[in-house]
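In what follows, a single structure is set out as structure tokens and then discussed.
The values are calculated or read from the model by the stated rules, or taken from the named source; none is laboratory data. Note that the structure is a prediction, hence the values are computed from the model and not measured. Don't worry about glycine lacking a Cβ; one is built from the backbone with ideal geometry, like all the others, and counts go over all protein chains shown.
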Amino acid sequence: MQNTVPAQAITDLVREVAGSVYVPGDEGYAREIAGFNLRSTHEPLLVVAAAHTGDVQAAVSFAAAHQLPVGVKNTGHQPFPAQEGFVLITVGAMRSVAIDADRAVARVGGGARWADVVGPAQEVGLAPLNGSAPHVGVVGYTLGGGLSPLLGRVHGWAVDHVVSIEVVTADGRVRRVARDEEPELFRVLCGGRSNFGVVTEIEFGLFPLSSFYGGGIYLPGHTAEDVLRTFAELSRQPLPEGFNCSVALLNLPPLPELPEPFRGKFLAHVRVSHLGTDAEAEALIAPFRALGPALVDTVSRQPYSAFAAVHADPVDPAPYEESSALLASLPDEAVDRLAAFARTAAGGPVTVLELRQLGGALNAMPAHAVPLAARQAGFIVWGATVGPPPIVASGELALRTLLDELSPWSTGLLYTNFTGREDQAEDTFDVDTLADLREAKRRFDPQNLFRVNNHNVDPQ
Ligand SMILES: Cc1cc2nc3c(=O)[nH]c(=O)nc-3n(C[C@H](O)[C@H](O)[C@H](O)COP(=O)(O)OP(=O)(O)OC[C@H]3O[C@@H](n4cnc5c(N)ncnc54)[C@H](O)[C@@H]3O)c2cc1C
């Protein structure tokens, strides 16, 4: 890898692109490399903030000509090890959205976020398979699997509903791929993400839905163990696929902007959504409501556009690290481990520990798709610690200890979208899938140009 590029080459690139080019020291460089996770600190040699597909082509060709690796970033929600001396292509300005109501399909730019899509889709009564947070990027989320807390158990992973992808590959070509158009590249992009190119446009299916019944029940921290046991009991029932429930244990900071019942408190947060009748959901969540008076209960009929109220994820960038595990099942012994964690979690370093149930259509294994490890799991445990380095270090240690204790029930692999900073391709794909992706990498990116800011599939 070379560390410098002739100044003239950069001047030529600046002339060629409609977006912006930044080198270290430029005003705008720090802003462009920043992401949602404030602990992510890449130091690229050059940043190309692409305005359109042609800019992405110019950036990829420039990197290839100068033998510089490429990283792709949209919102910077997912942490990867910090690297330097590469070309960072940011796609955050490419946020076009077009809804085709007749086909029930959305076509969006490579930098679109869910907040850009849900409003226009709702205008024609449709909903995408978006995740819990409006500010997450569509491409990173979808091509990593895409677990929709509202629709996933009914329609499966978002990646299974991708219709076509426009991508700039390592050879600088723009290709439009679909199940019947360059199917091999389409298949490996659906799971391999930026290993195979920079996605400049993506088309995906939408579903008729205008409202749901759901929200959050916030219970005092002393109920945390009971909440976990109630969740486990509920998950063993034959639940309707349209019913989703997850629980989170939250250590909230003493920030003045938080409402009083939450400020500085340890809470159990039950997140609920249901696509059937209100009465069905009321019956299913009654055991949680029976645990005592809630601090706040927002579960009610809501327009789909209020989906973010279910998880109520934080919206401001913060410094954090995260870890996760996929569990095949959640027997009583596993719940006991989680309960022991809950008994000592109040005021501890871990900011959030969440447990989501999968199941339903999420366990389908379509023949055309890259086998996502999460398809074989029943539950995901995910945790994060926000704060200064010593707090993050002790939170990560506590989480790792818990995840080790849960290892008898773990599938041994991780869900691509919920990995921690140091997790690699080997942690997210089984051996056969990784071999298959390596083969594809040798074909589409033999020099491993796209090897930064992703779970890199090494072609060697
Ligand atoms: C608050 C919060 C809530 C979340 N909720 C959910 C959820 O409900 N369900 C779920 O499945 N996940 C969820 N996630 C995880 C999220 O889906 C992943 O972090 C995802 O990778 C974010 O994608 P991004 O583009 O926003 O982030 P980035 O960090 O910018 O990108 C993530 C990865 O995608 C690649 N990428 C991004 N854009 C492109 C592109 N145009 N072309 C090629 N590669 C690209 C990047 O190279 C990188 O490898 C959540 C994350 C957060 C922080």
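Select from segment 83-104 the residues that are within 12 Å of the ligand (Cβ to nearest atom) and among the aliphatic types (A, V, I, L, M) and list them in ascending order.
Once the filter is applied, which keeps residues that are within 12 Å of the ligand (Cβ to nearest atom) and among the aliphatic types (A, V, I, L, M), segment 83-104 yields LEU88, ILE89, VAL91, ALA93, MET94.
List the pairs whose first member sits in segment 134-158 and is assigned to a loop (DSSP other than H, G, I, E, B), whose second member is near the ligand (Cβ under 6 Å from one of its atoms) and not basic (Lys, Arg), and whose Cβ atoms are under 6 Å apart, counting only residues at least 6 apart or on separate chains?
Here the result reads VAL136/HIS77; GLY144/ASN417; GLY145/ASN417; PRO149/SER132; TRP157/GLY145; TRP157/GLY146, each pair linking segment 134-158 to a residue that is near the ligand (Cβ under 6 Å from one of its atoms) and not basic (Lys, Arg).
Quick one: is THR230 touching a residue at least 60 places away in the same chain (Cβ under 8 Å), farther than 13 Å from HIS368 by Cβ and within 13 Å of the ligand (Cβ to nearest atom)?
So THR230 does not fit the description; no.
Could you please let me know if VAL5 is at negative phi and within 16 Å of the ligand (Cβ to nearest atom)?
no
So which residues in segment 72-82 are in a strand (DSSP E or B) and either of a type outside the set (Val, Ile, Thr) or more than 6 Å from the ligand (Cβ to nearest atom) (or both), if there are any at all?
LYS73, the sole residue that qualifies.
One residue is enough: does segment 357-366 have a residue meeting the conditions outside the structural domain of TRP157 (by TED's automatic domain parsing) and assigned to a strand (DSSP E or B)?
yes
Counting just the residues of segment 178-196 that are of a type in the set (D, E, K, R) and in contact (Cβ under 8 Å) with a residue 12 or more places away in the chain, which one comes out nearest to the ligand (Cβ to nearest atom)?
ARG193
For (1) touching a residue at least 60 places away in the same chain (Cβ under 8 Å); (2) touching a helix residue (DSSP H, G or I) at 6+ places or on another chain (Cβ under 9 Å), each residue gets a yes or a no:
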{"residue": "GLY359", "(1), (2)": "yes, yes"}
{"residue": "LEU362", "(1), (2)": "yes, yes"}
{"residue": "ALA374", "(1), (2)": "yes, yes"}
{"residue": "PRO388", "(1), (2)": "yes, no"}
{"residue": "ILE391", "(1), (2)": "no, no"}
{"residue": "TRP409", "(1), (2)": "yes, yes"}
{"residue": "LEU437", "(1), (2)": "yes, yes"}
{"residue": "PHE444", "(1), (2)": "yes, yes"}
{"residue": "GLN447", "(1), (2)": "yes, yes"}
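Answer yes if at least one residue in segment 56-70 is among the aromatic types (Phe, Trp, Tyr), out of contact with any helix residue (DSSP H, G or I) (no Cβ under 6 Å at 6 or more places or on another chain) and not assigned by TED's automatic domain parsing to the domain that holds VAL167, and no otherwise.
Scanning segment 56-70 turns up no residue that is among the aromatic types (Phe, Trp, Tyr), out of contact with any helix residue (DSSP H, G or I) (no Cβ under 6 Å at 6 or more places or on another chain) and not assigned by TED's automatic domain parsing to the domain that holds VAL167.
Limited to segment 382-405, what total is found for residues that are surrounded by 14 or more Cβ atoms within 10 Å (Cβ to Cβ) and either among the aromatic types (Phe, Trp, Tyr) or more than 23 Å from the chain's Cα centre (by Cα) (or both)?
Result for segment 382-405: 4.
If you check SER273 against the conditions, is it closer than 20 Å to ALA232 by Cβ and hydroxyl-bearing (Ser, Thr, Tyr)?
yes
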